[in-house]
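The values are calculated or read from the model by the stated rules, or taken from the named source; none is laboratory data. Just so it is clear, the structure is predicted and the values come from calculations on it, not from any experiment. Every residue, glycine as well, gets a Cβ built from its backbone with ideal geometry; the counts of neighbours run over all protein chains shown.
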Amino acid sequence: MAQSTTAREFALDLERRRKEAAGVALGQSYWQIAWRRFRRHRLAMIGGTVALALSLMALLAPSIAPHPFDRIDLGRRWTPPGLTANVFGTDELGRDVLTRIMYAGRISLVVGYVTAVSVSAVGSLLGALAGFYGGWIDSALMRLVDMLIAIPTLPLYLIMSALIPGGGVGRIVLIFTIFGWTTVARLVRGQILSLKTQDFVEAGRAMGASEARLILRHLIPNALAPVIVAATLTVGGAILTESGLSYLGLGIQPPVPSWGNMLQRAQEYLLKASWLAVFPGLFIFITVLSFNFLGDGLRDALDPRLKT
Amino acid sequence: MQRFLARRLVHGVIILVGLSILMFTLLVFTPGDPVELIAASNPDIRPEDVSALRRYYGLDDPVYVRYFKWARSVLKGDLGYSRTYGTPVTKIIGERLRNTLTLLATSVAIAFTVGVTVGIYSALHQYSATDYTVTVFAFAGLAMPVFWQGIVFILVFSIWLPGQIPWFPKFPAGGMMTPGIAPGWPAFWDRLWHLVLPVSVLATSGMAAWTRYMRSSMLEVIRQDYVRTARAKGTPEQAVINRHALRNALIPIITLMALSIPGILNGAVLTETVFSWPGMGLLLFQAVLGHDYNVAMAVLLFLALITVLSNLMADVAYAVADPRIRYD
Amino acid sequence: MKILLRSLWTGLIAVLALSLSLPWAAAQQRRDTVVIGMAQEPDCLIMAFCQMAAGAAVANNSVFKGMVEYNDKWQLYPITVEKIPTLKDGDWQLLPGGKMKVTWKFRRGFTWHDGKAYTALDASWTNLMLRNPRSPTLSRTIINKIDNMLVPDLAQPYTLIVQWNERYPFANTGHTVYPRHVLEREYLRDPAGLKAHRQARFPIGNGPYRFVEWVPGSHITLEAYDKYPDGVAKIRRQVWRFILDSTVLQANVIANQVDATEINNFSIEQMLEIERRNPQQAAHYTPALIWEHIDLNLDNEWLRDKRVRQAIAHAINREEMSQKLFYGKQPVAHTWLPERHEGFNPNVRKYAYDPARARALLAEAGFTPGPDGVLRDARGRRVEMTIMTTAGNAVREQVQQIMKEQLRAVGIDLRIDNRPAGVLFGQVTRRREFPHMVMYAWVMSPLTLPHAFWHSNQIPTAANNWEGSNYPGWRNAENDKLCDEALQEIDTAKRVALLKRQQELWAEDLPAIPLYFRLSLTTSHKRLSNVKPAGLSGTYINWNSQEWTWVQ
């Protein structure tokens, strides 16, 4: 993701971490220690709680939204926010903004989560292949990675959006995955490179485990920690990038609401009804912020070196 | 070192060629070619006119033929004509490149200076109130949608504040200069004035990122043995930081600088669109939407070239700055 | 390192301090300049080769002046010619065999901006150049109707005789004239190269303003031409600024940083907001010839039935949309020709909002309600229809939302599937790839005739190479006859009668749902006097900009 700057920051630590992690088989106690460390990270705890609350809000939108979804009421257009039936006000068609925010949250968060999962899956697999087999597979994949990180992603997204028709979640996730797997692939490749020379892999080999089994059951799980962190940061990055694409008119297309396209639509009425832009903007901001805090905390927690 | 550099150069070339093929194919397969667009907006146009225009723009050749035609002329130094602007691409790019570089250089300089300074301070005062504030602000900077920030800035600094406070200077709501301004100093100041809002928007996320990088890099370094040793020897704290810690903490930042160029360019596309800044980002956006393949290709390759070169420079700088690093 | 940082900091603070303390030129309006903002940048300025309206605004209204033009009353008036030819005066003659002859007398005194004389020879040469198959001319429809243009007296080249091959009712609207002496050399070398000619970027015109500079992505500067025969423009400089984001353009208007706007993409809401925020700026709501509508695909088995089309019209509350969304400013359309077009027929069949009637019509057409409240057709299929439009157009998306709710009330489930404008117009409408409905606008002119839109030989098919704009696929024999006749009818009264009858047929058959007529929205500073927006495509706000002045 373009905005997941912290992922790069994380890549910085990797070199050191790889050396440190050598020989450490990630057992039960590792995760317990990590959890204890995570709980001490105040910002991450707040971030995690907020992220959880936002996800619940989106999940339960149909039951907790104050108004039916997309109910138009031309008599109540432009109601400003306040202690009325519409706490966040109404929009240009008299629809309740709070209700729309909740439903849009479902789309935006789905974009974030699904992108994170698919980017991690594709990235882990390709990274593991490159790291495990080396040779031409490694060179080819790494050249591809070099190529994809050599140009800014937004123009690529632009072209792909024009190329792939439709305006739904699937398209956005597909586009994000096609160009977003590189960070994870590099992380996993690095991990695998250092892991594959280690005892438990040698042991597995000696016991006649197949290569696929080795990769899927031993190598990838052991490289999981950095992937989890990168995935967490990807959630926020994807939401942010979708809003940028929406601004250029190429994100999730209305009538499906996303925070990004609500924001884009609100722009036109910025001077007349600034609340239409304030709330989606705020929700994007808070969501990205909490996932970044969460990712930061996870990184500190999963990396035994940084904090004492 | 030389062998290493040669290898990196070869890689760079492979990347550029691969990208050009990828981009060209993607662009060509984008639905709705320019002639169809013209035809659709004009009910008077006849099929003969359409096919004549298609021939005129060479749209009927197979993709690979078009790619080779394009590649051959590029190798001869001819980037072709812009279909929408009817001028050589080099002419358009030249001007836009300068505008984008002005914007980029200014914001990177500001982001770097502020980010690094604040990052160092934050690291040296870890867990202080300032450190927390800085951290929260840095995260906030990274979570803000760029275009959204731009629009809010225009509202606040061009409309709202000047309307509220009589003496508040009115910032221009977009554009690069006041048309028709006298050349020389007035023009210079005018351009600078137009730079303020877009640069502050573009610099925000960069500033936040540098703060984070610098803080963690610095934290890392001051825990190292040689810093501890220097301290133990009784070297004054100021000297420890300046002579030992700072230099080592800045080394990884150099690589990150190169790596962050594509991300900054992403931000530039949005910032240029919001502020009508006549740069490469805006040009690219319009070229992609308008099917102006020659322009889009040229801009994309330029951006890739900038990235490849900055990576190469980072490798060199890295080698120079850190004597421990040796390339085979 | 520390020193480097410190010096960078010092520099930064110094620059900030300086920039805040300077008096800003931008803040004070210089009254020898008018700045016009547009949400578009022209592609090129030889308009016969280019497509963007922004170019036409700059080139055709300020830099060039035509033989005749429309004013804000939509009357033709002569500019570089002495008079407008009429049948009565005999300078427009109908010849046997359907041919025509039109004689134009050019005025003396017009010059190109490089000082060379502007004559009828330029006009006849331009005609030759544009009809050359190797020139990148966009449309040759009119040119193909012309046999020849002659200049009888080469010593006094101020008379132009246009010989027409066929009848055409608008033979008095003038012709394109480009400077022969500028373009001829390149034309003789390679006509295909003309689009890249310097003239396309730096035109030499004959209008009140001459071209000074084009800073791509930023602005175009024009300056008053001192030898303009109808009086030198009163404001010295005209600057066109390109601000693509309409919100940012709006901010510029409110901040008085542009003095006028054209092609601004403003919504009515944005216009009202400008008036509210900055009383110095006038917002102009000019009735125009823009027809917003929904094409129905008549090859669809449901929509083939006239009753279904009429039911849809009855089910949509267009009056409420007009009142609520557009504050009553954009009137509901009942036919396809706008009110200000000469052929407008107010007495066509109208479809008032009447959901009960809509339900009755649908029942009559054999649809029965299903368990989910959505209708089923005779074969038991759920009535779900797709509506497409240009993605990112706020107003159209609002209309879709309202329609979705209102059609649901009569049992039709509407699915929304929008595409970027390039794809929608480049592919979906042109190849009739919309399954049921597509919403967009036709921008018409006083010369618009029904033929290209409604004649059955204008239904695009693969066989005819997608020619024509009858996207709904309407077939009606009487309508075809009327379209053919109107195309050749010179007599205005007779032509208007044909158009009125055509609209009656159209409204009865309803191949498209007429929504509303859009306004042309422009703004100008109140101290800028003589601004008279015309609301015609081709006649932009600056059509009389040589007469604009700043008043105190």
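Whether a residue is within 11 Å of another protein chain (Cβ to nearest Cβ), buried (at least 24 other Cβ atoms within 10 Å of the Cβ) and not hydroxyl-bearing (Ser, Thr, Tyr) was assessed, and C:Trp240 passes this test.
Note on region C:261-278: residues that are farther than 29 Å from C:Phe344 by Cα and either aromatic (Phe, Trp, Tyr) or without any contact (Cβ under 8 Å) to a residue 12 or more places away in the chain (or both) total 2.
Considering every residue within region A:118-134, establish whether at least one is within 14 Å of chain C (Cβ to nearest Cβ) and in a loop (DSSP other than H, G, I, E, B). No. Apart from one condition, C:Trp24 fits all of (1) among the aromatic types (Phe, Trp, Tyr); (2) within 30 Å of the chain's Cα centre (by Cα); (3) at pLDDT below 85; (4) more than 21 Å from C:Ile204 (Cβ to Cβ); the exception is (2). Inspect region A:70-86 for any residue being surrounded by 21 or more Cβ atoms within 10 Å (Cβ to Cβ) and within 29 Å of B:Ala258 (Cβ to Cβ) and give the result as yes or no. No, the conditions are met nowhere in region A:70-86.
Residues considered: B:Asp44, B:Asp78. Of these, the only one that is within 14 Å of chain C (Cβ to nearest Cβ), surrounded by fewer than 18 Cβ atoms within 10 Å (Cβ to Cβ) and at pLDDT 80 or above is B:Asp78. For C:Glu273, the conditions (1) over 24 Å from the mean Cα position of the chain (by Cα); (2) at pLDDT 90 or above; (3) surrounded by fewer than 22 Cβ atoms within 10 Å (Cβ to Cβ) are fulfilled apart from (3). Criterion applied to C:Tyr178, C:Tyr187 was being within 23 Å of the chain's Cα centre (by Cα) and outside any strand (DSSP E or B), and the one residue passing it is C:Tyr178. Of the candidates A:Gly168, A:Gly134, A:Gly127, the single residue that is over 30 Å from B:Met297 (Cα atoms) and out of contact with any Cys (no Cβ under 8 Å at 6 or more places or on another chain) is A:Gly134. Selection of region C:498-535 for residues being within 27 Å of C:Glu319 (Cβ to Cβ) and among the hydrophobic types (A, V, I, L, M, F, W, C) yields C:Leu499, C:Leu505, C:Trp506, C:Ala507, C:Leu510, C:Ala512, C:Ile513, C:Leu515, C:Phe517, C:Leu519, C:Leu521.
For region B:111-143, enumerate the residues that are crowded, with 21+ Cβ neighbours inside 10 Å and under 30 Å from C:Gln250 (Cβ atoms). Residues satisfying the conditions are B:Ala111, B:Gly141, B:Leu142, B:Ala143. Once region A:139-179 is narrowed to residues that are among the charged types (D, E, K, R) and facing chain B (nearest Cβ under 8 Å), the residue that is surrounded by the fewest Cβ atoms within 10 Å (Cβ to Cβ) is A:Arg143. Scanning region C:351-365 for residues that are exposed (fewer than 15 other Cβ atoms within 10 Å of the Cβ) and farther than 20 Å from C:Pro514 by Cβ returns C:Ala356, C:Glu364. Contact annotation: residue pairs with Cβ atoms under 9 Å, 6 or more positions apart or on different chains, pairing a residue in region C:449-464 that is in a helix (DSSP H, G or I) with a partner that is surrounded by fewer than 21 Cβ atoms within 10 Å (Cβ to Cβ) and of a type in the set (Phe, Trp, Tyr), are C:Phe453/C:Trp442.
Within region C:472-507, the set of residues being touching a Pro at 6+ places or on another chain (Cβ under 7 Å) and not in a helix (DSSP H, G or I) comprises C:Pro472, C:Trp474, C:Glu489, C:Ile490. Within region B:278-292, the residues that satisfy the criterion of being under 13 Å from the mean Cα position of the chain (by Cα) and either more than 8 Å from chain C (Cβ to nearest Cβ) or more than 17 Å from B:Thr102 (Cβ to Cβ) (or both) are B:Met280, B:Gly281, B:Leu284. Exactly one of (1) more than 7 Å from every other protein chain (Cβ to nearest Cβ); (2) surrounded by fewer than 20 Cβ atoms within 10 Å (Cβ to Cβ); (3) farther than 26 Å from A:Leu245 by Cα; (4) not polar (S, T, N, Q) is unmet by B:Val156. Its number? Status for B:Val156: all satisfied but (3).
B:Met176 meets all of the listed conditions (1) surrounded by fewer than 20 Cβ atoms within 10 Å (Cβ to Cβ); (2) touching a His at 6+ places or on another chain (Cβ under 7 Å) but one, namely (1). Among the residues of region C:475-485, just one is buried (at least 20 other Cβ atoms within 10 Å of the Cβ) and within 26 Å of B:Ser51 (Cβ to Cβ), namely C:Cys483. Between C:Asp295, C:Asp259, the distinction of being among the charged types (D, E, K, R), within 22 Å of C:Gln401 (Cβ to Cβ) and within 14 Å of chain B (Cβ to nearest Cβ) belongs to C:Asp295 only.
Among residues of region B:1-27 that are in contact (Cβ under 8 Å) with a residue 40 or more places away in the chain, those with a Cβ under 9 angstrom from a residue that is of a type in the set (Asp, Glu) and assigned to a helix (DSSP H, G or I), sequence gap 6+ or separate chain, pair up as B:Phe4/B:Asp315; B:Leu5/B:Asp315; B:Arg8/B:Asp315; B:Gly12/A:Asp146; B:Ile15/A:Asp146.
If you go through region B:49-83 and keep only what is over 33 Å from the mean Cα position of the chain (by Cα) and over 30 Å from C:Ile143 (Cα atoms), you end up with just B:Pro62. If you filter region A:225-254 down to residues that are without any contact (Cβ under 8 Å) to a residue 24 or more places away in the chain and part of a helix (DSSP H, G or I), you find that the one that is nearest to the other protein chains (Cβ to nearest Cβ) is A:Tyr247. Scanning region A:255-288 for residues that are outside any helix (DSSP H, G or I), of a type outside the set (Gly, Ala, Ser) and touching a residue at least 40 places away in the same chain (Cβ under 8 Å), we see that the one that is farthest from the other protein chains (Cβ to nearest Cβ) is A:Pro257. Inspect all residues belonging to region C:188-210 and state whether any of them is at positive phi and not polar (S, T, N, Q). No. Condition check for B:Glu220 on (1) acidic (Asp, Glu); (2) more than 10 Å from chain C (Cβ to nearest Cβ); (3) within 11 Å of the chain's Cα centre (by Cα): one failure, at (3).
So, A:Ile220, is that one modelled with pLDDT of 80 or more, over 30 Å from B:Leu155 (Cα atoms) and either in contact with a helix residue (DSSP H, G or I) (Cβ under 9 Å, 6 or more places away or on another chain) or more than 14 Å from chain C (Cβ to nearest Cβ) (or both) or not? So A:Ile220 fails the test.
The selection criterion, being among the polar types (S, T, N, Q) and in contact (Cβ under 8 Å) with a residue 12 or more places away in the chain, holds for A:Thr79.
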